[in-house]
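The values are calculated or read from the model by the stated rules, or taken from the named source; none is laboratory data. All figures in this text were calculated on a predicted structure; none of them were measured in a lab. Cβ placement follows ideal geometry from the backbone for every residue including glycine, while neighbour counts extend to all protein chains displayed.
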Amino acid sequence: MAPQRPRNVSDQPRYKNPREKNSSETGAATQKAMTSNHNAPSARADGALWLLLIAFCVAAPVSEEFFSRGFLYRGWSETFLGRWGAIILSSVVWTALHLQYDWFFFGEVFSIGLLLGYLRARYQSTWLTVIVHGLNNLAAVIQTLVLVASS
């Protein structure tokens with residue numbers, strides 16, 4: 001049996017952009033695939049749900065909380081803003097990090113930010129806010145998985 005030669009890039013099939021004009025692959029099936037979410041990649045289908053959980057429930061809370069309630073709150077609370085000014089302003093900045101939401105959820109995110117700011121001020125612990133933030137995100141992920149599974 002002869003060894004197979006390695007394939008070159010030129011041997012690979014060229015995948016065309018389905019939005020190209022005059023593409024022979026553009027048709028009803030391609031248009032349907034472009035507009036349908038049934039063929040969209042998902043963390044569950046790709047076996048990467050654990051990575052999504054780590055990103056949402058560990059990485060995001062750690063980075064956002066140490067920036068908002070660790071760095072910003074601590075610095076602003078020692079200025080003329082005081083404790084409550086620092087809670088409000090750091091919550092505004094934290095809300096601005098969540099631009100993917102609509103106005104209703106901006107209000108929700110801001111409210112959660114106020115709660116996290118209060119917890120930070122009351123217990124003097126950024127780790128507490130990291131844990132509460134992570135649990136909040138975990139609850140949202142579980143809710144999303146349940147809703148997707150039931151539809």
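At a glance:
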quantity: Helices (runs of 4 or more DSSP H) contained in the range 26-66 and holding at least 1 residues at pLDDT 70 or above; calculated: 49-54, 60-65
quantity: Every residue from the range 85-123 that is within 16 Å of Ala60 (Cβ to Cβ) and part of a loop (DSSP other than H, G, I, E, B); calculated: Leu97, His98, Leu99, Gln100, Tyr101
quantity: Extreme residue, surrounded by the most Cβ atoms within 10 Å (Cβ to Cβ), among residues of the range 136-151 that are assigned to a helix (DSSP H, G or I) and at pLDDT below 90; calculated: Leu145
quantity: For Phe80: the one exception among (1) surrounded by 16 or more Cβ atoms within 10 Å (Cβ to Cβ); (2) assigned to a loop (DSSP other than H, G, I, E, B); (3) aromatic (Phe, Trp, Tyr); calculated: (1)
quantity: So Leu89, is it at pLDDT below 95 and either closer than 15 Å to His133 by Cβ or surrounded by 13 or more Cβ atoms within 10 Å (Cβ to Cβ) (or both); calculated: no
